[in-house]
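The values are calculated or read from the model by the stated rules, or taken from the named source; none is laboratory data. Worth saying up front: this structure is predicted, and the values here are computed from it rather than measured. Cβ placement follows ideal geometry from the backbone for every residue including glycine, while neighbour counts extend to all protein chains displayed.
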Amino acid sequence: MSRRAAKKVAGPAAFAAPVAAGRGLPGLARAAADVFGSPVAFIDRSGIVLAVAGATREQEKRLTEGGKGVSVIQLKIGEEAVGEARLVGEPEDEASIEILTAIGALEVERARSAEWGNEGAVADLVRDLIGGSLSDGDDLLERASEVGCDLTRGGGVLMVRAHSGSAREGDWRSRVVDLTGRTIRAVAPGSVAAMADVEQGAIVGVLVPAADEERLLKVEGALERELPRSLGGLSVTISRSRHATDPGEFERAVREAHLALNVGVAEDRSPIAFEDTGAYRLLLGTSSEELHSFYSETVEPLVAYDEQYETDLVATVETYLDSDANVPATAKKMFTHRHTIRYRLERVRDLSGHDATATEGRERLGLGIKSMRVLGIASPRGRSRERKQT
């Protein structure tokens, strides 16, 4: 069998596999890009980009704008146009195009919701929920229903944080929201996403209608597959709450997802579920005032000192605690001499009043660091963190 003939046989199977596996339009677009050796995009009938694969930023712009050298394939169900598939170049494999058109049309229609274009209402819903101003279950149920998100059987909350370590051109935050939205709608129709916070990079809140935990895991897996490779140059952290059985539990789900996100960012873990946050879970019900008190009485003086003098006191305490209070092990992890570690621990005692070499001191400093993470306060960027970034 010739190479071209083999590609014709492989095409339909390649298109069916990601759909059968529940990867939706992002998976179908990636499979099509592999089969045709060309970037592929799916656009719905209102012009919204649902999925793009295999494209550089310049090629993605060409695909979304329908620029020169882009082939447009109409996607129809019966006589009704539901969207388009767009490819860079002229595809020659008519058999594969025919299969892609049929599967793509069904997936585009499945991924759409009746209120797809209501981006303003979605943004308000997500911001109010994440911000804590939408805590009434009945109000949440009604507002979510208005944007095609049915929470009558429960659901969950995920958060995505994308961070750029340096200045970037263009509206990359909007790109994070767009990619997140495309991905979740493809695998869990009815899900909604919007920017929840821009102070620390880009934090996107995701609201998923789900009858059980399995659908939340499916969305988490899709985000893990698609976002890191589609957002090159950005650091991506994904967090997930437990399943909320009714709308009244979503306030708790938001706090769980936010806690997991803060821990994931601090410990470089992604994806991270609330269940995987260990001892941090014990602090979830602690008031913000108490957490700030733990933080200010223990770690805050160290953070201030590190930020002023570009030292590594906080990082040293974190590494020392993670190393079971073993100085040589701490020195090895931090690539420095053990005498330097001992000097820093003495400085920690002088500034905070807590002796890290004593059990009680370690407990209080550990609680302070956990409070800092739950509050979402970033660790200072001392020398060791600068080395880690390079």
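Data table
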quantity	calculated
Every residue from segment 81-101 that is farther than 17 Å from Ala41 by Cβ and at pLDDT 85 or above	Glu98, Ile99
Flag if Asp128 is modelled with pLDDT of 85 or more and closer than 17 Å to Met195 by Cα	yes
Residue within segment 63-76 that is assigned to a loop (DSSP other than H, G, I, E, B), surrounded by 18 or more Cβ atoms within 10 Å (Cβ to Cβ), modelled with pLDDT of 85 or more and not charged (D, E, K, R) present	no
Top-ranked residue of segment 365-390 - restricted to ones that are among the polar types (S, T, N, Q) and assigned to a helix (DSSP H, G or I), ranked as modelled with the lowest pLDDT	Gln389
Lone qualifier among Arg281, Arg242 - being over 14 Å from the mean Cα position of the chain (by Cα) and modelled with pLDDT of 90 or more	Arg242
Filter result for Gly264 (more than 28 Å from Gly47 (Cβ to Cβ) and in contact with a His (Cβ under 8 Å, 6 or more places away or on another chain))	no
Residue selected from segment 302-347 under the condition touching a residue at least 24 places away in the same chain (Cβ under 8 Å) and basic (Lys, Arg), by the criterion surrounded by the fewest Cβ atoms within 10 Å (Cβ to Cβ)	Arg347
Residue satisfying all of: in segment 35-51; modelled with pLDDT of 85 or more and closer than 27 Å to Arg215 by Cβ; surrounded by the most Cβ atoms within 10 Å (Cβ to Cβ) among these	Phe42
Pair list, Cβ under 9 Å, 6 or more apart: segment 79-95 residue within 20 Å of Asp34 (Cβ to Cβ) and not assigned by TED's automatic domain parsing to the domain that holds Asp34, other residue among the β-branched types (Val, Ile, Thr) and in a strand (DSSP E or B)	none
Residue match in segment 246-261 (condition: in contact with a helix residue (DSSP H, G or I) (Cβ under 6 Å, 6 or more places away or on another chain), more than 14 Å from Lys370 (Cα to Cα) and without any contact (Cβ under 8 Å) to a residue 60 or more places away in the chain)	no
Options His258, His243: the member that is assigned by TED's automatic domain parsing to the domain that holds Ala186 and buried (at least 21 other Cβ atoms within 10 Å of the Cβ)	His258
Candidates Val52, Val19, filtered to the one that is under 30 Å from Leu216 (Cα atoms), assigned to a strand (DSSP E or B) and either touching a Gly at 6+ places or on another chain (Cβ under 6 Å) or among the β-branched types (Val, Ile, Thr) (or both)	Val52
Single match in Thr330, Thr336, Thr286, Thr311 (criterion: modelled with pLDDT of 90 or more, in contact with a Phe, Trp or Tyr (Cβ under 9 Å, 6 or more places away or on another chain) and outside any helix (DSSP H, G or I))	Thr311
Those residues of segment 26-42 which are without any contact (Cβ under 8 Å) to a residue 60 or more places away in the chain and assigned to a strand (DSSP E or B), in sequence order	Val40, Ala41
Count of residues meeting criterion [in a helix (DSSP H, G or I), at pLDDT 90 or above and surrounded by fewer than 20 Cβ atoms within 10 Å (Cβ to Cβ)] in segment 261-278	2
